[in-house]
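A.B. asks: To start, I am sharing the structure in question, which I have written as structure tokens.
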Amino acid sequence: MPERIATIASRSGLHARPAALFAEAAGDVGVEVTIAMQGDPEDDALDASSILSLMTLGAAKGDVVVLRAEGDGADAALDSLVKLLETDLDAE
Amino acid sequence: MQTFPGVGVSPGRIIGTVRQMPKPISEPPAGEQLAGGTSAEEATAGLKAAATAVHDELKARAETASGDGKAVLEATALMAKDTMLLKNAAKLIARGTSAQRAIWEAGASVSEMLHNLGGYMAERATDVLDVRARIVAELRGVPAPGIPSASTPFILVAEDLAPADTATLDPEKVLALVTAGGGPQSHTAIIARSLGLPAVVAAAGVDELADGTEVFVDGAAGSITVDPDDAQRAAAEAWATNASLLAVFEGNGATADGHLVPLLANVGGGKDAVAAAGLNAQGVGLFRTEFCFLERDTEPSVEEQAAAYKSVFDAFPGKKVVLRTLDAGADKPLPFLTDATEPNPALGVRGYRTDFTTPGVLERQLQAIALAEKDSEADVWVMAPMISTAEEAAHFASMCTAAGITNPGVMVEVPSAALTAESILREVGFASLGTNDLTQYAMAADRQLGPLANLNTPWQPAVLRLVGLTVEGSRAEGHNKPVGVCGEAAADPALAVVLTGLGVTTLSMTARSLAAVAAVLKTVTLAEAQQLAKLALSAPSATEAKAWVRERLPVLEELGL
């Protein structure tokens, strides 16, 4: 299954506005994307389009997460989402 | 013509149409099962449709909002169709639970999870509960909870408003506030004064008025009249003219004969302070520092606190800023400081008393104040809330000295402090009367209770007597130490005259009220104010005290105050 790692760049972590922007983008890519903290088992991965899941993940700035997706367009979807995570969304 | 009498808490005369605040959404009964004939699939589909409708409505509102409000609405909209929330609910439905009960329980467990994470996540826990209530309302086909949205301004009628409701109140859309419950010191009253909206509380029966009914609201007299007559229409027009005149305070509070009564503002943070300075407040008489601490699970650092305090000091260079140290407890709980299980929190470990059980927090706050003062040009005074004895005042003064703060004072809210003002003022440099709590404690009447509204007014002769005793205590002490008032009483122009007559030296209020208080104060001499104070003290009841004083201040009727 295609996967990518990304380092959270937003100052407030994956909460608040960055979480909302990311959840919305993950819901729009057309494939199911999961998110987990690096090192956590794949079974514990959470739905990346769920803002509540993202908030319970509690990823802070500098934390490394793993994104996974399967199916048509998975690679392109993951690339665009990694880019979003590695942008400081609080600065925009 | 039907009239509903209530308690006027914020002046203004206005005509408009009623919109009722929807009743809070009740909890679906525990164990509620799917109705016979409804399959789990149908119930899940219905829930998803309701969730989508709530999402679309919140999303549409986010588009017209701006700033922080927009971000919160956007995040809340996403929660409405969140897969985690809906999957959890769908699992319960598959086991036979009704859709309403399922979303209720799913929302509760997600909210609890967020609450336990603390910090920012805990703050969002209530948003999940709000979304859950909206989805249940949608499923029931009843109006969503919260302030109704409408394209034209309306008069908002409610049982009572909670602080969370007032946060979403748009003053451009609401003409006046009317509540069936609540008292003169309720959140409704406080928010109405700060927004400058006419308001009447404790008007029993108004929650039965139909949406769209045209009413006349008189926020000074405290009445609501259905089908206004010509005289009331004329009064509303006259108020519209006066209101613009009453919006400007020239910046110098004084009686007709030039006795100076500096008019100060009550503020909760830097934003408020800048607004108050813009309205020409002569300083800050009450800086409520707990706003830096509320909704926090841990104590903010000394540096963080100092930055927050400095933002207020910087709005008033060269002017007096009276800071009140942390007033947690009772209606303002803080997880790291107060015990939520106290049986009687208003009489519990609150205000200065939290230093008994959690020493260190106050000491660090004083350090932060001293740090902020060093880099600012404001004249900083510091007072402790809920002081009951001279011994406590002495201890607080010694803590201030240790931190390098030169002007310590106390709040007089507990009747014992008013009664022993002379010995308390030997220990500190000034006193400030918090009339909201002083009234609640003198009358043994909870501030938030509608049925006790008539007891819970600072017009009670007993409360006025305690104000007078505090001033006398200061005189007996011999150094003319200042005695100010920083409760809601100071914002009532008629009461402001009485307080001046009792010998109070400064009046601090919500900045919106400065102009009205100044306009009335300058129509009386100090001797006249003293006469009116005597008259109020001699009244057998609060109602008569207020009526007698108002009768002798014709300017109030002219200005519609």
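The values are calculated or read from the model by the stated rules, or taken from the named source; none is laboratory data. From a predicted model like this one, the values you see are computed outputs, not experimental measurements. With ideal geometry, Cβ positions are generated from the backbone for all residues, glycine too; neighbour counts draw on all protein chains shown. When the accessible area is computed, the model is the full protein with side chains, heavy atoms only, and any ligands, DNA or RNA have been set aside. Shrake-Rupley method; radii C 1.70, N 1.55, O 1.52, S 1.80 Å.
A.B. asks: Only one of (1) at pLDDT 90 or above; (2) within 14 Å of another protein chain (Cβ to nearest Cβ); (3) surrounded by fewer than 20 Cβ atoms within 10 Å (Cβ to Cβ) fails for B:Val110. Which number is that?
C.D. replies: The number of the failed condition is (3).
A.B. asks: Further question on the same structure: As an exercise: evaluate B:Arg364 against (1) under 26 Å from B:Val467 (Cβ atoms); (2) touching a helix residue (DSSP H, G or I) at 6+ places or on another chain (Cβ under 6 Å); (3) surrounded by fewer than 19 Cβ atoms within 10 Å (Cβ to Cβ) and give the number of the one condition it does not meet.
C.D. replies: (1)
A.B. asks: So which of A:Gly13, A:Gly62 ends up being buried (at least 20 other Cβ atoms within 10 Å of the Cβ) and on the phi > 0 side of the Ramachandran plot?
C.D. replies: Being buried (at least 20 other Cβ atoms within 10 Å of the Cβ) and on the phi > 0 side of the Ramachandran plot holds for just one of A:Gly13, A:Gly62, which is A:Gly13.
A.B. asks: Can you find a residue in the stretch A:49-58 that is touching a residue at least 12 places away in the same chain (Cβ under 8 Å), open to solvent by 50 Å² or more (accessible area, probe 1.4 Å) and not in a strand (DSSP E or B)?
C.D. replies: Within the stretch A:49-58, none of the residues are touching a residue at least 12 places away in the same chain (Cβ under 8 Å), open to solvent by 50 Å² or more (accessible area, probe 1.4 Å) and not in a strand (DSSP E or B).
A.B. asks: Exactly one of (1) over 22 Å from B:Leu469 (Cα atoms); (2) open to solvent by 20 Å² or more (accessible area, probe 1.4 Å); (3) in contact with a Ser or Thr (Cβ under 7 Å, 6 or more places away or on another chain) is unmet by B:Val524. Its number?
C.D. replies: (2) is the only condition that B:Val524 fails.
A.B. asks: I need the full set of residues from the stretch B:131-177 which are open to solvent by less than 40 Å² (accessible area, probe 1.4 Å), in contact with a Phe, Trp or Tyr (Cβ under 8 Å, 6 or more places away or on another chain) and without any contact (Cβ under 8 Å) to a residue 60 or more places away in the chain, in order please.
C.D. replies: Within the stretch B:131-177, B:Arg132, B:Val174 meet the criteria.
A.B. asks: Among the residues of the stretch A:25-43, is any in a loop (DSSP other than H, G, I, E, B), under 24 Å from B:Asp127 (Cα atoms), facing chain B (nearest Cβ under 10 Å) and out of contact with any strand residue (DSSP E or B) (no Cβ under 8 Å at 6 or more places or on another chain)?
C.D. replies: no
A.B. asks: Considering B:Leu469, B:Leu452, B:Leu419, B:Leu464, which residue is more than 23 Å from B:Arg288 (Cα to Cα) and at pLDDT below 95?
C.D. replies: Just a single option satisfies the conditions, and that option is B:Leu452.
A.B. asks: Filtering the stretch B:113-124 down to residues that are at pLDDT 75 or above, open to solvent by 40 Å² or more (accessible area, probe 1.4 Å) and at the interface with another protein chain (Cβ under 7 Å from one of its Cβ atoms), which residue is farthest from B:Lys87 (Cα to Cα)?
C.D. replies: Filtering the stretch B:113-124 for residues that are at pLDDT 75 or above, open to solvent by 40 Å² or more (accessible area, probe 1.4 Å) and at the interface with another protein chain (Cβ under 7 Å from one of its Cβ atoms), the one farthest from B:Lys87 (Cα to Cα) comes out as B:Leu117.
A.B. asks: For a quick check of your reading of the model, give me the residue pairs whose first member lies in the stretch B:463-482 and is among the polar types (S, T, N, Q), whose second is in a loop (DSSP other than H, G, I, E, B) and surrounded by fewer than 23 Cβ atoms within 10 Å (Cβ to Cβ), with beta-carbon atoms closer than 6 Å and at least 6 apart or on different chains.
C.D. replies: Between residues of the stretch B:463-482 that are among the polar types (S, T, N, Q) and residues that are in a loop (DSSP other than H, G, I, E, B) and surrounded by fewer than 23 Cβ atoms within 10 Å (Cβ to Cβ), the close pairs are B:Ser474/B:Lys481.
A.B. asks: For residues that are of a type in the set (Val, Ile, Thr) and either within 12 Å of chain B (Cβ to nearest Cβ) or open to solvent by 10 Å² or more (accessible area, probe 1.4 Å) (or both), tally how many sit in the stretch A:1-10.
C.D. replies: Matching residues across the stretch A:1-10 total 2.
A.B. asks: Among the residues of the stretch A:65-92, write down those that are within 14 Å of chain B (Cβ to nearest Cβ) and open to solvent by less than 40 Å² (accessible area, probe 1.4 Å).
C.D. replies: A:Leu89
A.B. asks: Let me ask you something else. I'd like to check something: does the stretch B:269-278 contain any residue that is in contact (Cβ under 8 Å) with a residue 60 or more places away in the chain, out of contact with any Gly (no Cβ under 7 Å at 6 or more places or on another chain) and more than 19 Å from B:Asp379 (Cα to Cα)?
C.D. replies: No; the residues of the stretch B:269-278 include none that is in contact (Cβ under 8 Å) with a residue 60 or more places away in the chain, out of contact with any Gly (no Cβ under 7 Å at 6 or more places or on another chain) and more than 19 Å from B:Asp379 (Cα to Cα).
A.B. asks: I'd like the full set of residues that are in contact with a helix residue (DSSP H, G or I) (Cβ under 6 Å, 6 or more places away or on another chain) and open to solvent by 10 Å² or more (accessible area, probe 1.4 Å), limited to the stretch B:57-74.
C.D. replies: Within the stretch B:57-74, B:Lys59, B:Arg61, B:Ala65, B:Lys70, B:Ala71, B:Leu73, B:Glu74 qualify.
A.B. asks: So how many residues does the stretch B:498-514 have that are touching a residue at least 40 places away in the same chain (Cβ under 8 Å), open to solvent by 10 Å² or more (accessible area, probe 1.4 Å) and assigned to a helix (DSSP H, G or I)?
C.D. replies: Number of matching residues: 3.
A.B. asks: Is it true that B:Ala176 is over 28 Å from the mean Cα position of the chain (by Cα) and more than 14 Å from every other protein chain (Cβ to nearest Cβ)?
C.D. replies: Here the answer is no, as B:Ala176 does not meet what is asked.
A.B. asks: Pick out the one residue from B:Thr52, B:Thr44 that is β-branched (Val, Ile, Thr) and crowded, with 16+ Cβ neighbours inside 10 Å.
C.D. replies: Exactly one of B:Thr52, B:Thr44 is β-branched (Val, Ile, Thr) and crowded, with 16+ Cβ neighbours inside 10 Å, namely B:Thr44.
A.B. asks: Being in contact with a strand residue (DSSP E or B) (Cβ under 7 Å, 6 or more places away or on another chain), open to solvent by less than 20 Å² (accessible area, probe 1.4 Å) and either in a helix (DSSP H, G or I) or modelled with pLDDT under 95 (or both) is the filter here; which residues of the stretch B:367-382 pass it?
C.D. replies: B:Ile369
A.B. asks: So, one more: Tell me which residues, restricted to the stretch B:178-196, are aliphatic (A, V, I, L, M), over 19 Å from B:Asp130 (Cβ atoms) and open to solvent by 10 Å² or more (accessible area, probe 1.4 Å).
C.D. replies: Those that are aliphatic (A, V, I, L, M), over 19 Å from B:Asp130 (Cβ atoms) and open to solvent by 10 Å² or more (accessible area, probe 1.4 Å): B:Ala180, B:Ile190, B:Leu195.
A.B. asks: Follow-up question, since we're still on this one. Among the listed residues B:Asp229, B:Asp272, identify the single one that is among the acidic types (Asp, Glu) and crowded, with 20+ Cβ neighbours inside 10 Å.
C.D. replies: None of the others qualify; the one that does is B:Asp272.
A.B. asks: Which of the residues spanning the stretch B:317-337 are open to solvent by 10 Å² or more (accessible area, probe 1.4 Å), within 20 Å of the chain's Cα centre (by Cα) and small (Gly, Ala, Ser)?
C.D. replies: Within the stretch B:317-337, B:Ala330 is the sole residue that qualifies.
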